[in-house]
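S.K.: Starting off with a structure, shown below.
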Amino acid sequence: MFRRVRSYALGGLVVVALAAVPSYAGDGHDHDRARQALEAGEILPLRTILDHVERDYPGQIMEVELEQKGERWVYEVKVLRTGGALVKLKFDGRTGNVL
């Protein structure tokens, strides 16, 4: 049961991540731009980033965003750590390196 609930929660994070891609032309095709970036190898899959976070920054993932800043794609992940600290992590979308 826990795994099923967790899967749904992570599925929601994918929607948050894809919805956060800025639209430069106001065309509303943010999801398509993120999908195209993934298919073109410009970004890593969200699951890869989340695996890194879960391994190295244990806690509850609260929010995920994907933004394009110039030529660089950035995943921003907010994690509620044990003890109550809220940490905002930024990852290079192409390499997965912490920025």
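S.K.: Against the conditions (1) at pLDDT 95 or above; (2) under 16 Å from V98 (Cα atoms), where does L86 fall short? Just the number, please.
M.R.: With (1) at pLDDT 95 or above; (2) under 16 Å from V98 (Cα atoms) applied to L86, the lone miss is (2).
Here's the yes/no breakdown for (1) farther than 21 Å from D30 by Cβ; (2) part of a loop (DSSP other than H, G, I, E, B); (3) not aliphatic (A, V, I, L, M):
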{"site": "E42", "(1), (2), (3)": "no, yes, yes"}
{"site": "I49", "(1), (2), (3)": "no, no, no"}
{"site": "V53", "(1), (2), (3)": "yes, no, no"}
{"site": "I61", "(1), (2), (3)": "no, no, no"}
{"site": "Q68", "(1), (2), (3)": "no, no, yes"}
{"site": "V74", "(1), (2), (3)": "no, no, no"}
{"site": "F91", "(1), (2), (3)": "no, no, yes"}
{"site": "R94", "(1), (2), (3)": "no, yes, yes"}
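S.K.: Against the conditions (1) modelled with pLDDT under 95; (2) surrounded by 15 or more Cβ atoms within 10 Å (Cβ to Cβ); (3) farther than 18 Å from P45 by Cβ, where does V79 fall short? Just the number, please.
M.R.: Here V79 clears every test but (1).
S.K.: Check H29 against each of (1) within 19 Å of K88 (Cα to Cα); (2) modelled with pLDDT of 50 or more and name the one condition it does not meet.
M.R.: (1)
S.K.: Just to be sure I understand the filter: pairs with C-beta atoms under 7 Å, separated by 6 or more residues or on different chains, first member in segment 38-62 and on the phi > 0 side of the Ramachandran plot, second member in a strand (DSSP E or B) and surrounded by 12 or more Cβ atoms within 10 Å (Cβ to Cβ). Which pairs pass?
M.R.: Once the first residue is on the phi > 0 side of the Ramachandran plot and sits in segment 38-62, its partners that are in a strand (DSSP E or B) and surrounded by 12 or more Cβ atoms within 10 Å (Cβ to Cβ) give G59/V79; G59/L80; G59/R81.
The values are calculated or read from the model by the stated rules, or taken from the named source; none is laboratory data. Computed from a predicted model, the values in this text were never measured in an experiment. When we count neighbours, we look across all protein chains shown, and the Cβ atoms used for this are built from the backbone with ideal geometry, even at glycine.
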